[in-house]
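Laboratory data are not the source of any read-out in this text; all were calculated from the coordinates shown. The structure displayed is predicted, hence computed values, not measured ones. We place every Cβ from the backbone using ideal geometry, glycine too, and count neighbours over all the protein chains shown.
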Amino acid sequence: MEKIRIATRQSPLALWQANHIKGLLEAGHAELQCEIIGMTTLGDRNKSSPLSQMGGKGVFVKELETALLDGTADIAVHSMKDVPGELPQGLAITSIVERASPKDAFVSNAFESLADLPAGSSVGSSSLRRVRQLQLVYPALEFIELRGNVDTRLRKLDDGDYDAVILAVAGLSRLGLANRVREEISTDICIPAAGQGAVGIESRSNDPSVTKLVESINHASTRVCVTAERKVTQLLGATCNLPVAVYAELKADEFLLSSFISDLRGKVIIREQVNGSIDDSALLAETLGNNLLARGAVDLMAEH
């Protein structure tokens, strides 16, 4: 019997994702046995410092990547929005399974939508990407830093610390909490993070047997979209901690790639969109990234 060791964070959502991958792999390979190895990352241990000060989203994957490199694990399962644009030498994203909703969720116990919130209402979010976009449409609201796993954030909402919180629709749904979603925020208002809603597998690039195994559960169109989104963020700089949103979607035969970037204070806003054939997804991503750089993203990153 073949055995695969799966490295994952130990949050309820991360464990759901790891078990989802385990189920897909074992369903397709009768002789396969998957072992889940729970790990704690810097992002899990430090719940007080803003992510931008801790080194960005890579704080949620570094320990898992170390386990791959030292042979403790065979694959690591990630929320693709947590994976930096540049991977360590010897590692690769070898599979991305079918994406769930990429949208952001408005969650409140007293109000049905963002538009219903009175001026001065407190809205909890850990994401500058969400805050900077939502502030443009709802400038009268007060956005406050909120860290912790989904249960922690919901508990703070229920305790009355916030009037509303913004979370990912996919995360709530995967935890059986879809009933908490009051409004799925339109991507026209809040463009998702690159990879949001998608679960990916990282493994050693020189391990063809593992690569072949995990490629069997890859979802082709999801991978095309997420790869294009990640290509844009790579062009903007893998360590960039600015509010950046990139979202690719297929509409009939059209491949549409939308983006948003701002400085940390939200004073400078750049939006850009390209569209074309899905066969040209890589070229469109490169065009979008270069357009953002040409319109001033370079200056924003230099200031940061």
- Please find the FRET efficiency linking Leu69 to Ala220, where r is the Cβ-Cβ separation and R0 is fixed at 30 Å, and quote it to the nearest 0.05. 0.60
- Query: So what is the calculated 222 nm ellipticity per residue for the chain, using -39500 (n - 2.57) for each DSSP H run with n of 4 or more, over all residues, to the nearest 500 deg cm²/dmol?
  - Reply: -9500 deg cm²/dmol
- Item | Distant-in-sequence amide H partners of Cys34 (H built 1.01 Å from N, under 5 Å) | Ile4
- Sorted by chain and then number, the residues having a modelled amide H within less than 5 Å of the amide H of Leu91, at least 5 places away or on another chain, are Ser205
- Task: Might you report the magnitude of the Cβ-based charge dipole of the chain about its Cα centre, with Lys and Arg at +1 and Asp and Glu at -1, to the nearest 20 debye?
- Result: 480 debye
- Residue-ordered couplings for segment 97-112, obtained by feeding phi - 60° into the Karplus form 6.51 cos²θ - 1.76 cosθ + 1.60 and rounding to whole Hz (Gly and Pro as x), are 7, 4, 6, 8, 4, x, 6, 8, 10, 8, 10, 7, 8, 10, 10, 8
- Once both axes come from the Cα atoms, what is the angle between helix 12-28 and the longest principal axis of the chain, in degrees from 0 to 90, rounded to 10? 40 degrees
- Note on the structure: In debye to the nearest 20, the charge dipole size for segment 86-187, taken about the Cα centre with +1 at each Lys and Arg Cβ and -1 at each Asp and Glu Cβ, equals 280 debye
- Message: If you fit an axis through the alpha-carbon atoms of helix 220-236 and take the longest principal axis of the Cα set of the chain, what angle between them do you get, 0 to 90°, nearest 10?
- Response: 60 degrees
- Item | Overall form of segment 104-185 per C-alpha gyration tensor (a/c, 1.5; a/b vs b/c) | rounded
- Item | Links that overshoot a 21 Å alpha carbon limit, given the list Lys62/Lys156; Lys156/Lys267; Lys103/Lys267; Lys22/Lys212 | Lys62/Lys156; Lys156/Lys267; Lys103/Lys267
- Along segment 266-274, what does the Karplus equation 6.51 cos²θ - 1.76 cosθ + 1.60 (θ = phi - 60°) give for ³J(HN,Hα), rounded to whole Hz, x for Gly and Pro? x, 8, 10, 10, 10, 10, 8, 9, 9
- Message: With loop defined by DSSP as not H, G, I, E or B, and exposure as at most 13 other Cβ atoms within 10 Å, which is the longest segment of the chain clear of exposed trypsin sites (Lys or Arg not before Pro)?
- Response: 48-264
- Query: Of Thr211, Asn149, Leu91, which is farthest on the positive side of the dipole of the chain, counting Cα position, with +1 on Lys and Arg Cβ, -1 on Asp and Glu Cβ, and the Cα centre as origin?
  - Reply: Asn149
- Query: If you work out Rg/Rh (Cα atoms, Kirkwood Rh) from the coordinates, which of [x] 0.96; [y] 0.93; [z] 1.00 do you get?
  - Reply: [x]
- Considering amide H positions built from the backbone, and no H for Pro or chain starts, which residues 5 or more places from Glu183, or on another chain, come under 5 Å of its amide H? Phe106
- Query: How many percent of DSSP beta bridges within segment 104-185 run antiparallel, rounded to 5?
  - Reply: 55 percent
